[in-house]
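Shown next, in structure tokens, is the structure this report addresses.
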Amino acid sequence: VFQGKVDSISGGSGTAFSLLPTQNATGNWVKIAQRVPVKIRVLDPDSKFPLRIGTSGNVRLKIAK
């Protein structure tokens, strides 16, 4: 589990706003409309578990006012 802070949320979805090309592999069941580009800054990263570019993850947000 990584702790992080949201740096930005893009207003668009789809390949036009993506830094990486879409993956058309078998089992890719996420619809383009469900993808929302979010930039997250990882707080206190662990060098034993490096994050790779293009990997997917599940994110839980806690919103504080």
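Considering only the other residues whose Cβ falls under 12 Å of the Cβ of I40, what net charge follows from Lys and Arg at +1 and Asp and Glu at -1? In short, +3. For the pair L43 and V59, the difference between a 0.36 nm per residue extended length and the Cα-Cα distance amounts to 4.3 nm. The aspartates and glutamates within cross-link reach of K65, meaning a Cα-to-Cα straight distance under 17 Å and a gap of 8 or more places when in the same chain, are D7. Taking amide hydrogens as placed 1.01 Å from N in the peptide plane, the amide H of I40 sits under 5 Å from those of D7, each at least 5 positions away in sequence or on another chain.
Bear in mind these aren't lab numbers, they're just calculated from the coordinates by the rules spelled out. These numbers come from a predicted model, not from an experiment. Positions of Cβ are backbone-derived with ideal geometry, glycine not excepted, and every protein chain shown enters the neighbour counts.
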